[in-house]
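Please read through the structure below; I'll follow up with questions.
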Amino acid sequence: MSNKEKSKKETELMEGQVAGTEQTVEPDTAADTESIEADKVQELGEKLAELNDKYLRLYSEYENYRKRTNQEKADLLINGSRDTIKAILPVIDDLERALSAIGEDEGIRLIYNKLIKILEQKGLKAMVAKNEKFDENLHEAVTQIPAPDANQKGLVMDVVEKGYYLNDKVLRYAKVVVAC
């Protein structure tokens, strides 16, 4: 064999080996590539699920915060005047005592009615306690007296100081005399 033929045979043999190698290497590389891509897809899926979970938690936390602050604002608007109205209650008590002491003075009655009407618009409501069953959640017992009748046991016989509600919450407990 001549060098030329020898060289040609070697080249063909090498090309065959390279071609064979390429064929055997190519499926392994494709499998590796698919495996790597599958790992990346799985990793990205896990990352997406984690980010989605964080987003949902953050969104829920924000919604709870928004609801809580809205409720606090509403409570503040409704009961913001609570302290002021509570401070005015002794003045109302004094006006009622003045009306009962001096009789029906029209000037004082008009002032009293105007004040009560304004406070009622703000949510103030007087508590009805006389001849009602004593309720420790609404009344404060100042004293007890013997019941004139057995049916009157546990009833409020007299109101020493009126109780008031502000927006259906007790603002001041009624001070009462209870029959025992």
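A 26 angstrom limit on the alpha carbon distance is what I want to check against. Which of 73/175; 117/175; 73/125 exceed it?
Details: 73/175 32 Å; 117/175 23 Å; 73/125 22 Å.
Correct reply: 73/175.
Still on this structure, I have one more. Among 131, 176, 91, whose Cα projects farthest towards the positive end of the dipole of the stretch 82-179, with charges put on the beta-carbon of Lys, Arg (+1) and Asp, Glu (-1)?
The one lying farthest along the dipole's positive direction is 91.
Right, here's the next one. Taking the number of other C-beta atoms within 10 Å as the exposure measure, put 50, 132, 96 in order starting with the fewest. Numbers along the way, then the final one.
Details: 50 10, 132 16, 96 13.
Neighbour counts put them in this order, fewest first: 50, 96, 132.
So, one more: Give me the dipole magnitude in Debye, nearest 20, for the stretch 82-179 about the Cα centre, with unit charges on the beta carbon: positive for Lys and Arg, negative for Asp and Glu. All intermediate terms of the calculation are to be shown ahead of the outcome.
On the way: 15 positive and 16 negative charges, 67 e Å.
Using Cβ point charges on Lys, Arg, Asp and Glu, the stretch 82-179 gives about 320 debye.
Also, quick follow-up: Considering amide H positions built from the backbone, and no H for Pro or chain starts, which residues 5 or more places from residue 160, or on another chain, come under 5 Å of its amide H?
175, 176, 177
Another question about this same structure. For the pair residue 118/residue 29, report the inter-label distance in nm, with labels modelled 7 Å from Cα in the Cβ direction.
For the pair residue 118/residue 29, the computed spacing is 9.2 nm.
Moving on. Within the set of other residues whose C-beta is less than 14 Å from the C-beta of residue 166, count the net charge using Lys and Arg as +1 and Asp and Glu as -1. Please report the intermediate quantities before stating the final value.
Values: positive: 82, 86, 122, 125, 162, 169, 172; negative: 75, 83, 120, 168.
Local net charge: +3.
Then there is this: Distance from the Cα centre of the stretch 111-142 to that of the stretch 31-48, in angstrom?
Using only Cα atoms, the two centres lie 72 Å from each other.
Here, each number is a calculation from the coordinates, and none is a lab measurement. Because the structure is predicted, anything quoted here is derived from the model rather than measured. Glycine gets a Cβ as well: all are built from the backbone with ideal geometry, and neighbour counts include every protein chain shown.
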